[in-house]
Amino acid sequence: MLKGLVSVVTGGASGLGRATVERIVREGGRAVICDLPTSQGAKVAEEIGDSVIFVPTDVSSAGDVEAALALCKDKFGGLHVAVNCAGIGLAVKTYNHNKKVSHSLDDFMRVQKVNLGGAFNMIRLSAALIAENEPNVDGERGVIINTASIAAFDGRIGQAAYAASKGAIIGMTLPIARDLSPLGIRVCTIAPGLFRTPLMLALPQKVLSFLEKMTPFPQRLGDPDEYAKMVQEIITNPMMNGSTIRLDGAIRLAP
């Protein structure tokens, strides 16, 4: 049960983030959706109910995240859990020999800014708010959960920028967990495989069927609520800290 817990979820207007918000509320918690102004965040918050508010947020902006956390404290009285689901993708080869074109450095850095910088931005600022909580019997004050990807381990052709950003999230998980341990704040990362997100479902059915067969078992795309279940498990299991959990049905991506 997540009764009484207040969470902020980046990328909470769709996909894994929305499923996480829905589960948190279903289990008795409250949530702040942080997503872009162009997202369906306001509509999603209205659909879920009074336990949710939407704050238009660019996660790579310090001012936007500070404002979102201030509103979270004002509306719900504090913060216990931060879940980073916001991110963007990019599929470009490092060097295209046929076109004689190198990967754009600006595009590479944009992915790092959103995926890595945005996650760290929320971590560093939410930690300050979580640290204000009274500790429980274990001395715990809250939990921060990041989203990486199996691409961090076996990224495919064209995923240099994306895999770099997700690999860096995994790389910073343990040191941040160690940084925040004196405050009683746990930090974990989930590395999902192929899930039924809007981005995936936009692909042709033939492609979806092929991707499903790539997963050893269960031979299907993951349900976003299965990601949300892992978020809940991390929140409720006090020994989960400093770790990255693959949630991928044993899939290993081919080149």
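Taking Cα atoms only, the orientation of helix 62-76 departs from the longest principal axis of the chain by about 40 degrees.
The residues Ile123, Ile144, when put in order of fewest to most other Cβ atoms within 10 Å, stand as Ile123, Ile144.
In terms of the mean number of neighbouring beta-carbon atoms within 10 Å, the peptides 81-93, 7-19 order highest first as 7-19, 81-93. For the stretch 108-113, 3J(HN,Hα) computed residue by residue from phi via the Karplus equation (6.51, -1.76, 1.60; θ = phi - 60°) reads 4, 5, 5, 5, 5, 5 Hz, glycine and proline entered as x. From the mean inverse distance of alpha carbon pairs (Kirkwood) and the Cα radius of gyration, derive Rg over Rh for the stretch 29-86. Taking Rg over the Kirkwood Rh, I get 0.93. Taking Cα atoms only, the orientation of helix 160-180 departs from the longest principal axis of the chain by about 30 degrees. Mean projected area of the convex hull spanned by the Cα atoms of the stretch 113-255, taken over all viewing directions: 9.0 nm². Note on the stretch 119-168: Cα Rg divided by 2.2 N^0.38 Å, N the number of residues, gives 1.60.
Take 157-165, 96-104 and order them by the average number of nearby Cβ atoms within 10 Å per residue, most first; the result is 157-165, 96-104. The packing ranking of peptides 176-186, 199-209, highest mean first, is 176-186, 199-209, where packing means the average number of other beta carbon atoms within 10 angstrom of each residue.
Measuring nothing but how far apart in sequence close Cα pairs (under 8 Å, 6+ apart) lie, relative to its length, the chain scores a relative contact order of 19 percent.
Taking the C-alpha atoms only, the angle from helix 205-214 to the longest principal axis of the chain is near 80 degrees.
The numbers here are math on the coordinates, done by the rules we state, and not lab data. All values derive from a computational prediction rather than experimental measurement. Note that we place each Cβ from the backbone using ideal geometry, even for glycine, and neighbour counts take in every protein chain shown.
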